[in-house]
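Following: one structure in structure tokens, then a few remarks.
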Amino acid sequence: MPLKLGLIGYPISHSLSPWIHDQFMEKLGMDGEYVLYEITKSELETTINQFKEKGMDGFNVTVPYKEAIIPFLDSLHPDAEKIGAVNTVVMENGKLKGYNTDGQGYVRSIKQSFPDLVESSKRVLLLGAGGAARGIYRALTNESFKEIDIANRTTEKAKSLLEVNQTGIETKILSFDQAEDTLANYDLIIQTTSVGMKPYINDQIISLENLRAGTVASDIIYQPIATTFLNNAEKQQGRIHLGHSMLLYQAQLAFQIWTGKQVPLDTTLLKLEQRLRGI
Ligand code: ATR
């Protein structure tokens, strides 16, 4: 049977997800469709009922419905429950189960690019404390690091991330000034705020003056693919991790939840990068 997949969100007309999932289906020789459902909030319930009638295999959920979808689901994976947001839904026997693959996708992508980073002597700094940071922080706390500190404009929001710490790994909450002063302590710095995103491509969340050579600077923004944050990290001899890789790995996990199959990402990662660079 051809796969019936899709994405709910608003606005989503420029989404890269149909391209990504078409690549996955082609790679695995599977037949199917991945359709965009750009809907308003009042259309959420009827759209989900239509999905049930249509016999969808699953769908993704993006901004602004990652939380609003939850009351319409029959069950939640513990990660999605704790994070309070769903980006992937699978339908089995007419029942809908919600997952959140953002954090795990991020961890898969960083392990793949920098396997030397994930070990018990390494220190991580997370910049930002929004929805994306929450998922990433939860997934990171399950890995072996020495500490994972969080810096955010609003300190209270940074503190609220501690609720999703799975292991009790050490975390300090910092101001951006403190983060700038102590930057040389970190092996991995993850930028999760919206600062530097198109069209404000010259903005940068903190100064990287104190970045240590060899530290990995990671940005989850992928438009532009090379943010000012990453360009400046490179000038300081930092190693860089581009945002499109989290996008692809969270999609790989979603596809695995729907089909049970793990798509190899070798060529797709490069193709997506070229697409974003307009090559
Ligand atoms: P997402 O789901 O993409 O993470 P979000 O939940 O709206 O989006 O979170 C946005 C993040 O970017 C937050 O950490 C936000 O900081 P606050 O918690 O202080 O609001 C951060 N952010 C957005 N604009 C910012 C700015 N101009 N300066 C500093 N931080 C900013």
Does any residue in the range 158-173 that is modelled with pLDDT of 95 or more and outside any helix (DSSP H, G or I) come within less than 9 Å, Cβ to Cβ, of a residue that is within 15 Å of the ligand (Cβ to nearest atom) and of a type in the set (Lys, Arg) six or more places away or on a different chain, and which pairs are these? Asn165/Arg138; Gln166/Arg138; Ile173/Lys159
Matching residues, the range 126-147, being out of contact with any Lys or Arg (no Cβ under 7 Å at 6 or more places or on another chain), closer than 18 Å to Glu163 by Cβ and within 13 Å of the ligand (Cβ to nearest atom): Leu126, Gly128, Gly130, Ala132, Ala133, Arg134, Gly135, Ile136, Tyr137
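Okay, residues lined up against (1) within 19 Å of Leu247 (Cα to Cα); (2) part of a helix (DSSP H, G or I); (3) within 15 Å of the ligand (Cβ to nearest atom):
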position: Phe59; (1), (2), (3): yes, no, no
position: Asp79; (1), (2), (3): yes, yes, no
position: Val89; (1), (2), (3): yes, no, no
position: Gln104; (1), (2), (3): yes, yes, no
position: Gln112; (1), (2), (3): yes, yes, no
position: Val124; (1), (2), (3): no, no, no
Neighbours by Cβ (under 6 Å, 6+ apart or cross-chain): first from the range 174-192, touching a residue at least 12 places away in the same chain (Cβ under 8 Å); second within 13 Å of the ligand (Cβ to nearest atom) and in a helix (DSSP H, G or I): Gln191/Phe229; Thr192/Ala132; Thr192/Ala133
For the condition under 30 Å from Ala217 (Cβ atoms) and assigned to a loop (DSSP other than H, G, I, E, B), what is the one hit in His21, His14? His14
If you scan the range 224-264, which residues turn out to be small (Gly, Ala, Ser) and closer than 22 Å to Asn60 by Cα? Gly243, Ser245, Ala251, Ala254, Gly260
Of all residues in the range 240-266, count the ones that are in contact (Cβ under 8 Å) with a residue 12 or more places away in the chain, farther than 18 Å from Gly135 by Cα and out of contact with any strand residue (DSSP E or B) (no Cβ under 9 Å at 6 or more places or on another chain). 4
Test each condition in (1) in contact (Cβ under 8 Å) with a residue 60 or more places away in the chain; (2) farther than 30 Å from Ser207 by Cα; (3) more than 15 Å from the ligand (Cβ to nearest atom) for Arg108 and report the one that comes out false. (2)
The range 194-242 - residue that is over 21 Å from Gln274 (Cβ atoms) and basic (Lys, Arg) and, of those, surrounded by the fewest Cβ atoms within 10 Å (Cβ to Cβ): Lys235
Of the residues that sit in the range 194-233 and are in a loop (DSSP other than H, G, I, E, B), within 16 Å of the ligand (Cβ to nearest atom) and in contact with a helix residue (DSSP H, G or I) (Cβ under 6 Å, 6 or more places away or on another chain), which one is nearest to Gly103 (Cα to Cα)? Ile220
Determine, yes or no, whether Gln191 is buried (at least 19 other Cβ atoms within 10 Å of the Cβ) and in contact with a helix residue (DSSP H, G or I) (Cβ under 9 Å, 6 or more places away or on another chain). yes
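The values are calculated or read from the model by the stated rules, or taken from the named source; none is laboratory data. In this text, all values refer to a predicted model and were calculated from it rather than measured experimentally. With ideal geometry, Cβ positions are generated from the backbone for all residues, glycine too; neighbour counts draw on all protein chains shown.
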